[in-house]
Amino acid sequence: MTFHFKTGLLALALLGSTALGAVTAHAADKEISWIYCGDSIDPIHVKYIKQWEDKNPGWAVKPEVVGWEQCQDKATTLAAAGTPVSMAYVGSRTLKQFAENDLIVPVPMTDAEKKTYYPNIVDTVTYDGQQWGVPIAFSTKALYWNKDLFKKAGLDPEKPPTTWAEEIADAKAIKEKTGVPGYGLSAKTFDNTMHQFLHWIYSNNGKVIDGNKVVLNSPEVLAALQAYKDITPYSVEGPTAYEQNEMRAIFLDGKVGMIQAGSGAAYRLKETKINWGVAPLPLGPSAKGQGTLLITDSLAVFKGSGVEDKAIEFAKFITSPGPQGEYELQGGAGLTPLRPSPQVDEFQKKDPFWKPFIDGISYGGPEPLFKDYKGFQNVMIEMVQSVVTSKAQPADALKKAAADLEQYK
């Protein structure tokens, strides 16, 4: 697999060499090149880049802003072509694939560093006993409900569902008594369709892969897929037409009873007249506690730049508690704090809606790491879509998906 992965990307790199010219072929001895995803550099990062440069004379950090859709592919292409940037912002889900193809270097964490994070966060960047990136962004999900629709349906508007059974029953009541869909299930061919379902897996003590063993076909995951099937009749019609942000927009218009979404939805809801609440994700029958998918993005340090050690030093600095806390606690960006701190405690006091997003961390799980992450993602999306469109029964879809995943682990 390594040969085909690199060869394919090398061809892409050669074809696109002109477009990729913005990043130098080889980073200068005292320059750390950084592929930075987004539309612009966050002012807080600008501030701390300067601070680091002031403390490290002769070194310069050179971020290149690349749009979200192209960002990761560009870093990958350059690395496979033998002209890597020093570091890049990547989805942590890709770290295993990068590591297996010898494109990145480990970023070891001390026990003291690991202990600064919330539980399970370090697992999102760990493969084969080593850390391969430094978390820089983190998100979790919670359940939002429309209190007015609950009331119109004869439900207690101050009592959100706490179990899947209650959630399905509430969605049914809203649909049947108000004509408004009770739940917003997203099943578009889009990465967050898989993410949305992983939240259900982790709120029922399920797993996709354990080490190098695919364990998707389990009673816990089957129960989650069955619950998906059961709630579909009371959801927004045509779920395969929507990804999570499109479904969020429907909720912001007051046209769906419940959705699961990140903290960014709360800031948007504050600007509406909707009477809303937010609570922990409802639990499946096998849950041991509040869970959620723990999604992190990380800074990966690429092999062959010649400045790997200094890039690791900078990556750890820019994500250390001071700079990272200032960056993630701006509000509105939908980021969940990576570490507990007095600042986070104050943040929760100011905006109590943050509590369920943090409470779900303890029993949450990471994005599963596969050598071919897109292959894994496509299998999961196909499984979900086949069930919500009634093309397959949950048990059959699950068995097929588990078998299909073997080639990507």
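Entry comment: accessible area of the range 203-328 is 38 Å² per residue, from protein heavy atoms only and a probe of 1.4 Å. Calculated mean residue ellipticity, 222 nm, the chain: -12500 deg cm²/dmol, from DSSP H runs (n ≥ 4) at -39500 (n - 2.57) each, averaged per residue and rounded to 500. Counting other Cβ atoms within 10 Å of each Cβ, which trypsin sites (Lys or Arg not before Pro) in the range 26-65 have at most 13 and sit in a DSSP loop? When the trypsin sites (Lys or Arg not before Pro) of the range 26-65 are filtered for loop state and at most 13 Cβ neighbours within 10 Å, LYS30 remain. When both the range 309-381 and the range 206-229 are represented by their alpha-carbon centers, they are found 24 Å apart. Relative contact order of the range 153-253, taken over Cα pairs closer than 8 Å and 6 or more residues apart, is 36 percent. Looking at the chain as a GNM with Cα springs under 10 Å, which of GLY182, GLY67, GLY334 has the largest mean-square fluctuation? Answer for the Gaussian network model of the chain: GLY67. With an a/c value of 1.5 or above and a/b not larger than b/c for the gyration tensor axes a ≥ b ≥ c computed over the alpha-carbon atoms, the range 43-126 is described as oblate. The share of accessible area on the range 73-209 that comes from carbon and sulfur is 50 percent, using a 1.4 angstrom probe. The mean of 1/r over all distinct Cα pairs in the chain, once inverted, gives the Kirkwood hydrodynamic radius of 22.2 Å.
Result for the chain in a Gaussian network model with C-alpha springs under 10 Å: among GLY254, GLY129, GLY375, the largest mean-square fluctuation is at GLY129. The portion of the accessible surface of the range 263-409 made up by carbon and sulfur, rounded to a whole percent, is 50 (1.4 Å probe; DNA, RNA and ligands excluded). The base-10 log of I(q)/I(0) for the range 293-341, evaluated at q = 0.26, 0.32 Å⁻¹, reads -1.02, -1.24 [Debye formula, identical scatterers on Cα atoms, solvent excluded]. Assuming a strict under-22 Å limit between Cα atoms, what lysine pair count do you get for the range 102-218 once near-sequence pairs (fewer than 8 apart, same chain) are dropped? Taking the Cα cut-off of 22 Å, the pair count is 18. Relative contact order of the chain: 25 percent, from C-alpha pairs under 8 Å at least 6 residues apart in sequence.
Could you tell me whether the range 283-393 comes out rounded, prolate or oblate from its Cα gyration tensor? Rule is a ≥ b ≥ c as square roots of the eigenvalues, rounded for a/c under 1.5, then prolate if a/b exceeds b/c, otherwise oblate. The shape class here is oblate. The relative contact order of the range 259-356 comes to 38 percent, based on Cα pairs under 8 Å that sit 6 or more residues apart. Only helices reaching 27 angstrom along their own axis (Cα) with mean Kyte-Doolittle hydropathy no lower than -0.5 count here, and not one DSSP H run of the chain does. With the simple spin-label model, which puts each label point 7 Å out from Cα in the Cβ direction, the LYS350 to ARG268 separation comes to 2.2 nm. Looking at the range 47-120, none of the chymotrypsin sites (Phe, Trp or Tyr not before Pro) sits in a DSSP loop with at most 10 other Cβ atoms within 10 Å of its own Cβ.
Note on GLU69 and GLN130: the extension gain reaches 19.2 nm, defined as 0.36 nm multiplied by sequence separation minus the Cα-Cα distance.
Only one residue of LEU149, ASN212, ALA187 has its Cα farthest out toward the positive end of the dipole of the range 103-237, where Lys and Arg carry +1 and Asp and Glu -1 on Cβ, and that residue is LEU149.
In plain terms, the chain from ASP253 to LYS207 could stretch by 13.1 nm, reckoned as 0.36 nm per residue minus the Cα-Cα distance.
The values are calculated or read from the model by the stated rules, or taken from the named source; none is laboratory data. All values reported here derive from a predicted model rather than from experimental measurement. Note that each Cβ is placed from the backbone with ideal geometry, even for glycine, and that neighbours are counted across all protein chains shown. When the accessible area is computed, the model is the full protein with side chains, heavy atoms only, and any ligands, DNA or RNA have been set aside. Shrake-Rupley method; radii C 1.70, N 1.55, O 1.52, S 1.80 Å.
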